[in-house]
Amino acid sequence: MGWHTIGLISDFNEGCQWQVEAGDRPVALFKFEGKFYAMKNSCLHQGFPLAEGNVKNYMVECPLHGWVYDFRDGKCLSTPGRCTKSYKVRINGENLEINMEEKG
């Protein structure tokens, strides 16, 4: 799996979120306070795309039923003990890359 280039750093503005493809999988990407975060783009409840959610601080709320996640680590704040996959993001020259191996 490894690292996948998803675009130029300049393509991603502060305070926004996107659905990007890393390999053949959709990923929710967030840029908050100058840092990038990536997680599986699927709510644990019914699979709705988290990239379409409402963002506040380091949290994204699924717009379908309101489940909330911390996009820094994928923890579900609505259901303690549950977590979705989160991924490492790095800057490589002018490119932004996501490692599709789950964060450890």
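No value in this document is a laboratory result; all are computed from the given coordinates. Quick caveat: nothing in here was measured; it's all calculated off a predicted structure. Cβ atoms come from the backbone with ideal geometry, glycine included; neighbour counts cover every protein chain shown.
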Task: Failed item in (1) within 14 Å of the chain's Cα centre (by Cα); (2) surrounded by 15 or more Cβ atoms within 10 Å (Cβ to Cβ), with residue 15 passing the rest - done: (2)
- [ ] Select from the range 19-36 the residues that are surrounded by 17 or more Cβ atoms within 10 Å (Cβ to Cβ) and either in a loop (DSSP other than H, G, I, E, B) or touching an Asp or Glu at 6+ places or on another chain (Cβ under 9 Å) (or both) and list them in ascending order.
- [x] 22, 27, 28, 31, 32
Open item on the list: Can you tell me which condition residue 89 does not meet? The list is (1) among the hydrophobic types (A, V, I, L, M, F, W, C); (2) in contact with a helix residue (DSSP H, G or I) (Cβ under 7 Å, 6 or more places away or on another chain); (3) in contact (Cβ under 8 Å) with a residue 60 or more places away in the chain, and all the others hold.
Closed with: (2)
Open item on the list: Tell me yes or no: at least one residue of the range 68-79 is touching a strand residue (DSSP E or B) at 6+ places or on another chain (Cβ under 7 Å), surrounded by 12 or more Cβ atoms within 10 Å (Cβ to Cβ), under 16 Å from residue 41 (Cα atoms) and among the hydroxyl-bearing types (Ser, Thr, Tyr).
Closed with: yes
Open item on the list: Pairs needed: first member in the range 40-64, over 22 Å from residue 99 (Cβ atoms); second member anywhere, among the small types (Gly, Ala, Ser) and part of a loop (DSSP other than H, G, I, E, B); C-beta distance under 7 Å; at least 6 residues apart or different chains.
Closed with: 61/53; 62/53; 63/53
